[in-house]
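In what follows, a structure is listed as structure tokens, so that the remarks can point back to it.
Read-outs throughout are calculated quantities, based only on the coordinates presented, and are distinct from any laboratory measurement. Just so it is clear, the structure is predicted and the values come from calculations on it, not from any experiment. Here the Cβ is made from the backbone with ideal geometry for all residues, glycine too, and neighbour counts use every protein chain on show.
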Amino acid sequence: MNDYAPEVGELVWDEGARKVGRVMDKIGPRWQLKPPGGGRKWDARGPLRPATAAERLSAGVALANARSRGERP
């Protein structure tokens, strides 16, 4: 991982998983992330960095689309 240490609740980009996640916890050296709209946690697979405005927007649009299809409450 890199030297970046996010705060719990922050939206970050997981380079290894190539997706945006919300920081839920840190257990030992591993960061646990969750999709912004909820879902399964995952351990960060690569370096983390703050999510850009475009990445946050894209994650929000994906969540809105999933809700319109009835996939999310």
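What the table below lists for this structure:
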read-out	value
Among A54, A17, A62, residue whose mean-square fluctuation peaks in a GNM of the chain (springs only between Cα atoms under 10 Å)	A54
Loop-resident sites, region 1-54, for chymotrypsin sites (Phe, Trp or Tyr not before Pro), counting at most 13 other Cβ within 10 Å (DSSP)	Y4
For W31, residues with placed amide H under 5 Å, excluding near neighbours	A44
Listed residues R49, R40, R30, most fluctuating in the chain (Gaussian network, C-alpha, under 10 Å)	R40
The chain - percent relative contact order, Cα under 8 Å, separation 6 or more	29
Cα-based helix-to-principal-axis angle, 53-68 vs the chain, degrees rounded to 10	40
Formal net charge of residues neighbouring V8 (Cβ-Cβ distance under 10 Å; K, R +1; D, E -1)	-1
Neighbourhood net charge (15 Å Cβ-Cβ; Lys/Arg +1, Asp/Glu -1) for A54	+3
